[in-house]
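Inspection log for the structure reproduced underneath, given as structure tokens.
The values are calculated or read from the model by the stated rules, or taken from the named source; none is laboratory data. Quantities reported herein were computed from a predicted structural model and do not represent experimental measurements. Don't worry about glycine lacking a Cβ; one is built from the backbone with ideal geometry, like all the others, and counts go over all protein chains shown.
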Amino acid sequence: MVIKVLGSGCKNCIMLEKNTVEAVNEMKIDAVVEKVNDLNKIMEYGIMTTPAIVIDEKVVSYGKVLKPKDIIKLIEKEIK
């Protein structure tokens with residue numbers, strides 16, 4: 001599983017990346033968390049508001065900083 005955190009590097013983007021890593025560690029799953037801050041690559045996903053989370057190339061959240069427990073719910077939904 002590849003989880004991408006899209007964002008420019010602002011405070012919210014950094015916090016979302018931290019929370020995503022925390023969620024993956026808590027779940028003990030085999031997942032790679034990547035930070036994407038290239039604006040052109042972010043625009044390829046069709047989102048206009050960051051930060052965003054992309055799981056296996058599917059945008060699952062954008063425009064908000066989710067807590068680890070909320071990220072876990074998103075990951076579990078994509079695993080099923």
Quiz item: What is the number of the single condition among (1) in contact with a Ser or Thr (Cβ under 7 Å, 6 or more places away or on another chain); (2) part of a strand (DSSP E or B) that residue 4 does not meet?
Solution: (1)
Self-check item: Conditions (1) touching a residue at least 40 places away in the same chain (Cβ under 8 Å); (2) exposed (fewer than 15 other Cβ atoms within 10 Å of the Cβ); (3) among the small types (Gly, Ala, Ser); number of the one not met by residue 46
Solution: (1)
Exercise. Answer yes if at least one residue in the stretch 29-43 is part of a helix (DSSP H, G or I) and surrounded by 18 or more Cβ atoms within 10 Å (Cβ to Cβ), and no otherwise.
Key: yes
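Given the residues 58, 69, 4, 73, which is the only one that is free of Cβ contacts under 8 Å to residues at least 60 places away in the same chain and touching a strand residue (DSSP E or B) at 6+ places or on another chain (Cβ under 8 Å)? Break it down into steps so the answer makes sense when it comes.
Numbers: 58 fails: touching a strand residue (DSSP E or B) at 6+ places or on another chain (Cβ under 8 Å); 69 fails: touching a strand residue (DSSP E or B) at 6+ places or on another chain (Cβ under 8 Å); 73 fails: touching a strand residue (DSSP E or B) at 6+ places or on another chain (Cβ under 8 Å).
The conditions single out 4.
Going by the conditions given, is residue 20 among the β-branched types (Val, Ile, Thr), surrounded by 18 or more Cβ atoms within 10 Å (Cβ to Cβ) and either modelled with pLDDT under 95 or part of a loop (DSSP other than H, G, I, E, B) (or both)?
On the way: among the β-branched types (Val, Ile, Thr): yes; surrounded by 18 or more Cβ atoms within 10 Å (Cβ to Cβ): yes; either modelled with pLDDT under 95 or part of a loop (DSSP other than H, G, I, E, B) (or both): no.
Considered against the rule, which asks whether it is among the β-branched types (Val, Ile, Thr), surrounded by 18 or more Cβ atoms within 10 Å (Cβ to Cβ) and either modelled with pLDDT under 95 or part of a loop (DSSP other than H, G, I, E, B) (or both), residue 20 comes out as no.
Confirm whether residue 35 is closer than 14 Å to residue 74 by Cβ, under 11 Å from the mean Cα position of the chain (by Cα) and modelled with pLDDT of 95 or more. Break it down stepwise before answering.
Values: closer than 14 Å to residue 74 by Cβ: no; under 11 Å from the mean Cα position of the chain (by Cα): yes; modelled with pLDDT of 95 or more: yes.
So residue 35 fails the test.
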Quiz item: Within the stretch 57-64, is there a residue that is among the aromatic types (Phe, Trp, Tyr) and in a loop (DSSP other than H, G, I, E, B)?
Solution: no
